[in-house]
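The values are calculated or read from the model by the stated rules, or taken from the named source; none is laboratory data. Everything numeric in this text was worked out from a predicted model, so none of it was measured. Methodologically, a virtual Cβ is constructed for each residue, glycine included, from the backbone with ideal geometry; neighbour enumeration extends over all protein chains shown.
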C-alpha cells in the first residue's frame, strides 16, 4: 500500500455543480393522493380523509401528510415528469449507494388543491474514509413553493456512495 495521498474523489465538475438549481418540477396535491398516501403509511387521523374534519382542525382542505410533497405532473409527450439531474461520476468508481437520510422542514401548510413547484441543488459534497473504504457523501436541498410563490417546505437529502 502506498503512502502517497490519492487524488480526491470529488472532480472539478462535481465541485462546479454545487449550488446549481435543477429544472423546475410541478407537483399537484389532490384529495385522492392525500388519502392514498395517508392510508399507505398508516395515518388514521380523520383530517387526512374527511374535508369537514380538516376544516374543523383549521386547514383549507385535506392537509398533505408528513412526507408527501405532491405528485409530479405526468405528460406522456415529454421524456420525464421529473427533471433529471445528471449524476456526476467521482474520479474513481464507487459501486454502492445508500440513502443517508431525508429531513423535511415544513414552513407552511400544504393542502389538497395546492400546486407546488420544486427545484433541487447539491449543497455539499464531501469524501470520507469509513470502515468499508472510500465514501462520497452528497447533500441535496429541494425547495418547494406553493402556487403563491411562498416556500412551504425544504427537503434535505443525503446520498452516500461507497
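Within region 26-47, restricting attention to residues that are in a helix (DSSP H, G or I) and in contact with a strand residue (DSSP E or B) (Cβ under 7 Å, 6 or more places away or on another chain), which residue is surrounded by the fewest Cβ atoms within 10 Å (Cβ to Cβ)? So that I can check it myself, show each step before the final result.
Our first condition is that a residue be in a helix (DSSP H, G or I); within region 26-47, this holds for 31-41, 46-47.
Next cut, in contact with a strand residue (DSSP E or B) (Cβ under 7 Å, 6 or more places away or on another chain) only: 33, 47.
Details: 33: 18, 47: 22.
Only one residue tops the list, namely 33.
Here are some residues: 83, 65, 76, 93. Which one is outside any strand (DSSP E or B), modelled with pLDDT under 95 and closer than 22 Å to residue 32 by Cβ?
76
Might you check whether a residue that is touching a helix residue (DSSP H, G or I) at 6+ places or on another chain (Cβ under 9 Å), crowded, with 18+ Cβ neighbours inside 10 Å, within 21 Å of residue 36 (Cα to Cα) and modelled with pLDDT of 95 or more occurs anywhere in region 112-121?
Taking every residue of region 112-121 in turn, at least one turns out to be touching a helix residue (DSSP H, G or I) at 6+ places or on another chain (Cβ under 9 Å), crowded, with 18+ Cβ neighbours inside 10 Å, within 21 Å of residue 36 (Cα to Cα) and modelled with pLDDT of 95 or more.
For residue 58, work out the one condition from (1) at pLDDT 95 or above; (2) in contact with a strand residue (DSSP E or B) (Cβ under 7 Å, 6 or more places away or on another chain); (3) in a loop (DSSP other than H, G, I, E, B) it doesn't fulfil.
Going through (1) at pLDDT 95 or above; (2) in contact with a strand residue (DSSP E or B) (Cβ under 7 Å, 6 or more places away or on another chain); (3) in a loop (DSSP other than H, G, I, E, B) one by one, residue 58 breaks only (2).
State which residue is surrounded by the fewest Cβ atoms within 10 Å (Cβ to Cβ) when the search covers only region 127-160 and only residues that are more than 16 Å from residue 21 (Cβ to Cβ), in contact with a strand residue (DSSP E or B) (Cβ under 8 Å, 6 or more places away or on another chain) and without any contact (Cβ under 8 Å) to a residue 60 or more places away in the chain.
Across region 127-160, the extreme among qualifying residues is 129.
Can you report the number of residues in region 12-25 which are assigned to a helix (DSSP H, G or I), surrounded by fewer than 15 Cβ atoms within 10 Å (Cβ to Cβ) and in contact with a strand residue (DSSP E or B) (Cβ under 8 Å, 6 or more places away or on another chain)? Walk me through how you get there before you give the answer.
Pass one, region 12-25, residues assigned to a helix (DSSP H, G or I): 12-17.
Filter once more, so that each one left must be surrounded by fewer than 15 Cβ atoms within 10 Å (Cβ to Cβ): 12-13, 15-16.
After this cut, where a residue has to be in contact with a strand residue (DSSP E or B) (Cβ under 8 Å, 6 or more places away or on another chain) as well, the list is 15.
The qualifying residues number 1.
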